[in-house]
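Participant: Have a look at this one before I ask anything.
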Amino acid sequence: MSGTLNKVMLIGHTGDDVKMHYFEGGNSLGRFPLATNETYTNKQTNERVTNTEWHNVVVRNKAAEICEKYLKKGDLVYIEGRLKTRKWQDDKGMDRYSTEVHCSDFTFLSPKGDSNNNASNNTSQSAQKPQPTTAQNNNQVSEEGDDLPF
């Protein structure tokens, strides 16, 4: 196979609300941190250890607006996308790099009203239903196709 693959699938908790940036022409960009955890038991001390990895997620246009509307700090979300590394210069002129997950698909996993917001925000959000993403639709199709006898 001569092709390459750049694909990321993450399930984690949002570290902050979605920060939106709007551009001329109606395009928009949303950014938020996502935390994933790895938990294991240290064999020497028999102590439970949790390592948290932080990911910078970037969502564009309509998907960004949906994430801004429904994702809150602490929510559990499935993110699918690709890695992209940006190069930029800091105030001192030094080259800096940041790796981002450019989201192409997402699914909200937190039950409604389960975010870390106050009750008034939760009740107003519970009346609104997010549209299912393509990941939800793809999962439904693939589950039906799994009944093959071979």
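Participant: Looking only at the range 7-31, count how many residues are exposed (fewer than 12 other Cβ atoms within 10 Å of the Cβ) and touching a Leu at 6+ places or on another chain (Cβ under 6 Å).
Facilitator: The qualifying residues number 1.
Participant: In the range 73-82, is there at least one residue being touching a strand residue (DSSP E or B) at 6+ places or on another chain (Cβ under 9 Å), modelled with pLDDT under 95 and within 17 Å of L29 (Cβ to Cβ)?
Facilitator: No, there is no match, as no residue in the range 73-82 is touching a strand residue (DSSP E or B) at 6+ places or on another chain (Cβ under 9 Å), modelled with pLDDT under 95 and within 17 Å of L29 (Cβ to Cβ).
Participant: Name every residue in the range 1-13 that is touching a residue at least 40 places away in the same chain (Cβ under 8 Å) and of a type in the set (A, V, I, L, M), in order of residue number.
Facilitator: V8, M9, L10, I11
Participant: What are the pairs, 6+ residues apart or on separate chains, where a residue within the range 14-31 that is more than 19 Å from L109 (Cα to Cα) has its Cβ under 6 Å from a residue that is among the basic types (K, R)?
Facilitator: K19/R31; L29/R60
Participant: So which strands (runs of 3 or more DSSP E) stay within the range 39-114 end to end and still have 3 or more residues that are out of contact with any helix residue (DSSP H, G or I) (no Cβ under 8 Å at 6 or more places or on another chain), closer than 19 Å to T14 by Cβ and free of Cβ contacts under 8 Å to residues at least 40 places away in the same chain?
Facilitator: So the answer is 48-60.
Participant: Go through the range 67-87 and report how many residues are within 17 Å of V101 (Cα to Cα) and touching a Ser or Thr at 6+ places or on another chain (Cβ under 8 Å).
Facilitator: Total meeting the criteria: 11.
The values are calculated or read from the model by the stated rules, or taken from the named source; none is laboratory data. Here the structure is a predicted model, which is why all the values come from computation and not from measurement. Using ideal geometry, Cβ is built from the backbone for each residue, glycine included, and neighbour counts are taken over all protein chains shown.
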